[in-house]
Each structure stands twice: as C-alpha cells, then as structure tokens.
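Undergrad: Shown below is the structure under consideration.
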Amino acid sequence: MTQPDSTTGAGADEVRPDTDEVYLVVRNDEEQYSIWRADREVPAGWHPEGMRGGRQECLDHIGVIWTDMRPLSLRRRLAGADV
C-alpha cells in the first residue's frame, strides 16, 4: 500500500497533473472509460481505446466521447424494455 503524500493527500505512486507522463484512454466491456499510465500493463478487463497523450488531453477526450455514463448492460436492458 502506498502512503499518501502529506501535502496533497495523493499516493506516493500517483502522478501529479503537471508531469509529462503519457497516458492511454482505456475502456472496459461495459463501455466505461478511464486513463492508465502508458508505461504500465493495462489491467485485466480493460482495453486501450486508441487515444494516447497527456493526462488532461486524455481526460478531455473522455469528456467528449463518453456521453452516456450508464453501463452498456443497463443501456441494453432499458432498450429492450422499450420494445
């Protein structure tokens, strides 16, 4: 377990927004999005979405493409109820 940074409360392993770290936009099977550091293996259940860049650039991209926050399974279930 990482210890929080005493000044920001962030974990010692956490990257600060002002760094030059490269991130990937990742998506799971429920079409939920997140960012992941490009120098780390993408966790099981998540897949690179194609966007790679700075932290804020990736977050901005997610803000544009992820317009429906409901999980895919819920959207499908609700769409079936409309039939």
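Undergrad: Quick check: anything in the range 53-70 of a type in the set (A, V, I, L, M) and assigned to a loop (DSSP other than H, G, I, E, B)?
TA: Within the range 53-70 (the criterion being of a type in the set (A, V, I, L, M) and assigned to a loop (DSSP other than H, G, I, E, B)), the answer is yes, since at least one residue qualifies.
Undergrad: Condition first: of a type in the set (S, T, N, Q) and surrounded by 11 or more Cβ atoms within 10 Å (Cβ to Cβ). Now tell me which residues in the range 47-76 satisfy that. I'd like the intermediate steps shown before the answer.
TA: If we filter the range 47-76 for residues that are of a type in the set (S, T, N, Q), which is where we start, we get 56, 67, 73.
Selection gives GLN56, SER73.
Undergrad: Show the residue pairs that are 6+ apart or on different chains and have beta-carbon atoms under 6 Å apart, the first residue being within the range 34-46 and within 18 Å of TRP66 (Cβ to Cβ), the second being open to solvent by 40 Å² or more (accessible area, probe 1.4 Å) and modelled with pLDDT of 95 or more.
TA: Hits for this filter: VAL42/TRP36.
Undergrad: Still on this model: Would you check if ASP39 is open to solvent by 70 Å² or more (accessible area, probe 1.4 Å), modelled with pLDDT of 95 or more and not aromatic (Phe, Trp, Tyr)? Outline the logic, then answer.
TA: Values: open to solvent by 70 Å² or more (accessible area, probe 1.4 Å): yes; modelled with pLDDT of 95 or more: yes; not aromatic (Phe, Trp, Tyr): yes.
Taking the combined requirement at face value, the residue satisfies it.
Undergrad: Going through the range 5-36 one residue at a time, which ones are farther than 13 Å from ARG55 by Cα, modelled with pLDDT of 70 or more and open to solvent by less than 40 Å² (accessible area, probe 1.4 Å)? Break it down stepwise before answering.
TA: Applying the first criterion (farther than 13 Å from ARG55 by Cα) to the range 5-36 yields 5-13, 27-33.
Adding the requirement that they be modelled with pLDDT of 70 or more leaves 27-33.
Hit for the range 5-36 is ASN28, nothing else.
The values are calculated or read from the model by the stated rules, or taken from the named source; none is laboratory data. Nothing here was measured: the structure is a model prediction, and the numbers come from that model. Ideal geometry is used to build each Cβ from the backbone, glycine not excepted, and the neighbour counts take in all protein chains shown. Protein only, heavy atoms only, side chains kept; ligands, DNA and RNA dropped before computing areas. Shrake-Rupley method; radii C 1.70, N 1.55, O 1.52, S 1.80 Å.
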